[in-house]
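The values are calculated or read from the model by the stated rules, or taken from the named source; none is laboratory data. The shown structure was predicted, so the numbers you read here are calculated from the model rather than taken from an experiment. Cβ placement follows ideal geometry from the backbone for every residue including glycine, while neighbour counts extend to all protein chains displayed. For accessibility, only protein heavy atoms count, side chains too; no ligands or nucleic acids. Shrake-Rupley method; radii C 1.70, N 1.55, O 1.52, S 1.80 Å.
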Amino acid sequence: MTDIDTRPPAVESPVVPEVTPQRIGPDTWLIPNLAPAGPGEFLFVNSLVILGDEPVVVDTGAPLHEERWYDALSSLVDPADVKWIFLSHDDGDHTGGLRAMLDAAPDATVVTNFFSFERLNLEPERALPLERMIWVEPGASLDERIYRRPVDLVEAFGATTIASAHGPVLSGQFIPDAFDRVRALAATPVLDQPDQSMLDELLAGVMAGPDSEVTG
């Protein structure tokens, strides 16, 4: 009697094609990776690096590619120079290299929203340090933080008297107050600019004569 081998056939690991970073803009590089998705099929798992004075990493790949992803990133920028880590969302295939980046880039700030922070903190190994985060919700921006930097640099000159073309001469306690007011401008709601409807209203008033009333 012939013995029948009932063991399941060995499953060979699919050969994943090699992929390399691709330059897609003057300062922007795509870091592509491929994850097996079926016989001869692969799913793109991409992230981005935006170079410049304050390099930005957009998503950090999947755990499957962590080492390869980190090597690709390091070929483009010194991880220690990265200033921003932007997470589009908190799925595992976007946060695989996050912990490595936080360790390698001590000055980097993570930009995401509150919901992603909450979900990541459900898993201790993915928890994010509050002091290294900025929460940006739909419709918000980083303009206020960016705007503050040149103001801080000017204040650091330590001027004891400030004169301007359209304001009073400032000295003493009025100087730090003035800088605080300038910083606060970035968070001030943007006022609607005059548009065509206002122009139409003004023109209608002019055409109607001096006795007409223009509202608005």
In nm, spacing of pseudo-spin labels at D152 and R126 (7 Å Cα→C-beta vector): 3.1
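Assuming R0 = 35 Å, what is the FRET efficiency of D200 and L43, from their Cβ-Cβ distance, to the nearest 0.05? Don't jump to the answer; show the numbers that get you there.
On the way: r = 53 Å, r/R0 = 1.52.
Plugging the Cβ-Cβ distance into 1/(1 + (r/R0)^6) gives 0.10.
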Long-range amide H partners of F42 with built H, under 5 Å: A37
Cα shape, the chain, gyration tensor, a/c 1.5 rule: prolate
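Ranked from the most accessible area to the least, with a 1.4 Å probe and all protein chains present, what is the order of W135, W29, W69, W84?
On the way: W135 115, W29 65, W69 0, W84 20 Å².
Largest to smallest exposure gives the sequence W135, W29, W84, W69.
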Structure-based [θ]222 nm, the chain - -39500 (n - 2.57) summed over DSSP H runs of at least 4, per residue, nearest 500: -8000 deg cm²/dmol
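Counting Lys and Arg as +1 and Asp and Glu as -1, each charge on the Cβ, what is the dipole of the range 57-211 about the Cα centre in debye, to the nearest 20?
Working: 11 positive and 27 negative charges, 103 e Å.
My answer is approximately 500 debye.
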Within a Gaussian network of the chain (alpha carbon springs, distance under 10 Å), most fluctuating of T28, T60, T161: T161
Per residue value of the accessible surface for the range 70-215 (all protein chains in place, 1.4 Å probe), Å²: 67
Nearest-10 value in Å² for the accessible area of D192, using the 1.4 Å probe: 150
Stretch in the chain that is longest and holds no GluC sites (Glu not before Pro) that DSSP places in a loop and that have at most 11 other beta carbons within 10 Å: 19-212
Accessible area of S197 in the full protein assembly, 1.4 Å probe (Å², nearest 10): 80
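Summarise the accessible area of the chain (1.4 Å probe, protein heavy atoms) by the percent that is carbon and sulfur. Walk me through the numbers before you get to the answer.
Working: 8790 of 14940 Å².
Solvent-exposed carbon and sulfur of the chain make up 59 percent of the total.
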Heavy-atom accessible area ranking, 1.4 Å probe, most first, across M133, M101, M207, M198: M207, M198, M133, M101
Dipole axis of the range 91-194 (+1 Lys, Arg; -1 Asp, Glu on Cβ), positive-most option in H166, T109, T95: H166
Exposure of T95 as accessible area (Å², to 10), given a probe of 1.4 Å and all protein chains: 10
Computed FRET value (nearest 0.05) for A186 with S74, which takes r as the C-beta separation and R₀ as 45 Å: 0.85
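So what's the net charge close to D93: Lys and Arg +1, Asp and Glu -1, counting the other residues with Cβ under 12 Å from its Cβ?
Values: positive: none; negative: D59, E66, D90, D91.
With Lys, Arg at +1 and Asp, Glu at -1, the net is -4.
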Environment charge at A186 (Cβ cut-off 10 Å; Lys +1, Arg +1, Asp -1, Glu -1): +1
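According to the square roots a ≥ b ≥ c of the eigenvalues of the Cα gyration tensor, what is the shape class of the range 83-209, taking rounded for a/c under 1.5, prolate for a/b larger than b/c otherwise, and oblate for the remainder?
On the way: a/c = 4.07, a/b = 1.48, b/c = 2.76.
Taking the square roots of the gyration eigenvalues as a ≥ b ≥ c, the range 83-209 is oblate.
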Residues in the range 76-96 that a label on I134 would reach, taking backbone N under 19 Å of a point 7 Å out along Cα→Cβ: 80-90
Under 5 Å, built H, 5+ apart or other chain: amide partners of V58: L48, V49, I50, F86
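Quick one: ranking H65, H166, H89, H94 by accessible area, 1.4 Å probe, largest first, what do you get? If you can, show how the numbers build up before the last one.
Details: H65 5, H166 185, H89 65, H94 35 Å².
Most to least solvent-accessible, the answer reads H166, H89, H94, H65.
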